Amino acid sequence: MDRDTPTFSERRAAPCAGLRIGDRAPDFSARSTVGDLRLSDFQGRWLVLFSHPADFTPVCTTEFVALAKEAGEFEKRECALMALSVDSLFSHFAWLRLIRDRFDLEVRFPIVEDPTLVIGRAYGMVAPDDSDSSTVRTTFFIDPQGVIRAMTCYPTNVGRSTPEMLRTLDALQAVDAGPFLAPANWEPGQNLLRQPSAKLDDVFASRNQTDWFLRDAKGSPRK
């Protein structure tokens with residue numbers, strides 16, 4: 001191997017190699033459309049931090065309209081929304097004015113400015129040597145302790161699904177209510193799964209081949 005090529009461990013150790021589920025969300029302070037803020041000020045409640053390449057882009061405009069319409073649903077779940085863009089604060093203002101005038105809808109969740117890509121790089125959304133913000137299309141689900149619990153990434157030409165964002169949030173909150181698991185396509189009101197047993201006696205005593213590891217959780221929370 002060419003010694004100039006970094007090894008896997010070296011790439012992981014790089015400052016902007018990216019974050020993983022279970023990592024603490026890097027704190028930052030910045031200007032936003034609702035005033036100066038610090039990420040750590042949101043601890044104690046859930047936070048969805050989502051980024052987009054630039055203002056006045058078609059896909060992101062539809063996302064902001066969709067999220068503004070569902071902001072109350074996130075609030076019911078004690079979850080704040082926060083957007084991140086490389087554009088300046090005054091560009092954000094102009095864009096939000098356009099959205100209000102065109103769609104008769106006010107976007108009231110904060111949009112943070114990141115013109116130097118400092119925050120994007122800290123979150124691994126932009127490579128250390130990139131000057132292009134087109135890779136900034138990530139969503140972070142951050143729990144009340146400031147820990148990243150889920151992440152989704154989309155290309156610039158495909159919009160996020162607001163119902164899926166809410167479903168992911170519902171699932172994360174539901175599994176936190178006990179030692180539960182959320183199965184595929186789980187929706188609020190459906191049964192969760194219980195954690196599989198780690199005891200051989202339970203495996204042998206199960207009623208069938210799958211009962212010891214694949215079983216509904218009785219008394220799991222329903223919304």
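Listing for the model above:
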| quantity | calculated |
| --- | --- |
| Residues that are surrounded by 13 or more Cβ atoms within 10 Å (Cβ to Cβ) and not hydrophobic (A, V, I, L, M, F, W, C), drawn from the stretch 186-206 | Pro188, Gln190, Asn191, Arg194, Gln195, Pro196, Ser197, Asp202, Ser206 |
| Positions within the stretch 187-212 being in a loop (DSSP other than H, G, I, E, B), at pLDDT 90 or above and hydrophobic (A, V, I, L, M, F, W, C), in sequence order | Leu192 |
| Residues of the stretch 30-43 satisfying the condition of being touching a Phe, Trp or Tyr at 6+ places or on another chain (Cβ under 8 Å) and assigned to a strand (DSSP E or B) | Thr33, Arg38 |
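The values are calculated or read from the model by the stated rules, or taken from the named source; none is laboratory data. Quick caveat, the model's predicted, so the values are computed rather than measured. Glycine gets a Cβ as well: all are built from the backbone with ideal geometry, and neighbour counts include every protein chain shown.
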